[in-house]
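Below you'll find the structure, written out as structure tokens, and then a few comments.
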Amino acid sequence: MGDGALSVWEKSSTARVVPPARPRKLAKVPFVELADGRLQGVVSSGSDIGRVYVSSVAAGTYAFACSTNNNRPCGGARGWFCNHIRALVDEAVLQYGAERVARYLKVEVADGELDADSVTTAMTHTRPAQGDTSAAAPVFSRFLRHLAYLELAPGTAPLPEMQWFPTTRAVA
């Protein structure tokens, strides 16, 4: 049964998976997403293996926030982008591509090569304000939810929490 047998609703209601622009290593930034009007994700601490930071940059204003998973402020995010936010932008460009990240964040880059450095530079030149860390809890919760799927044994059986997705190959 090909795509012709699916209704318009069935074709449009499934989540599209976009392959990464380039492969990336997950040790430094295990979770990155463009969601809720922000580039946001989880970044590993460079000094403590047991600590992670939840970092975000708002689209348009570039207001940034960075705090630990237990809501302690990042020591490096004092009026400018810390290394966690820079790593987040770098990995987002690897995951989604520089054009998509720049478009989502509404970054206008001067003529030249579009890459993570040019996106970060364009945002920092606007002297963005430090935002609140209210998004940290939901972002970290989504990250933990993604980790839970790694613990599941490989299989083709449906997952109960995913049952709201319609079947794409239903037999009438």
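In segment 116-137, the qualifying residues are those that are modelled with pLDDT of 90 or more and within 17 Å of the chain's Cα centre (by Cα), and the one that is farthest from residue 83 (Cα to Cα) is 119. Close contacts from segment 114-140, counting a first residue that is on the phi < 0 side of the Ramachandran plot and a second that is loosely packed, with under 15 Cβ neighbours inside 10 Å and outside any loop (DSSP other than H, G, I, E, B), with Cβ to Cβ under 7 Å and a gap of 6+ residues or different chains, come to 114/99. Restrict the check to segment 82-93 and report whether at least one residue is closer than 25 Å to residue 27 by Cα and loosely packed, with under 15 Cβ neighbours inside 10 Å. No - not one qualifying residue is present in segment 82-93.
Here residue 153 meets each of (1) open to solvent by less than 70 Å² (accessible area, probe 1.4 Å); (2) part of a loop (DSSP other than H, G, I, E, B) with one exception, condition (1). Against the criterion of being in contact (Cβ under 8 Å) with a residue 12 or more places away in the chain, open to solvent by less than 70 Å² (accessible area, probe 1.4 Å) and touching a helix residue (DSSP H, G or I) at 6+ places or on another chain (Cβ under 6 Å), residue 41 qualifies. The numbered conditions (1) among the polar types (S, T, N, Q); (2) open to solvent by less than 50 Å² (accessible area, probe 1.4 Å); (3) within 14 Å of residue 140 (Cβ to Cβ); (4) touching a residue at least 60 places away in the same chain (Cβ under 8 Å) are all true for residue 71 except (2). Here residue 46 clears all of (1) open to solvent by 60 Å² or more (accessible area, probe 1.4 Å); (2) touching a Lys or Arg at 6+ places or on another chain (Cβ under 9 Å); (3) at positive phi except the condition numbered (3).
The values are calculated or read from the model by the stated rules, or taken from the named source; none is laboratory data. None of the values given here were measured: they were computed from a predicted structure. So basically every Cβ, Gly included, is an ideal-geometry build from the backbone, and we count neighbours across all protein chains shown. What goes into the accessible areas is simple: the full protein's heavy atoms, side chains included, and nothing from ligands, DNA or RNA. Shrake-Rupley method; radii C 1.70, N 1.55, O 1.52, S 1.80 Å.
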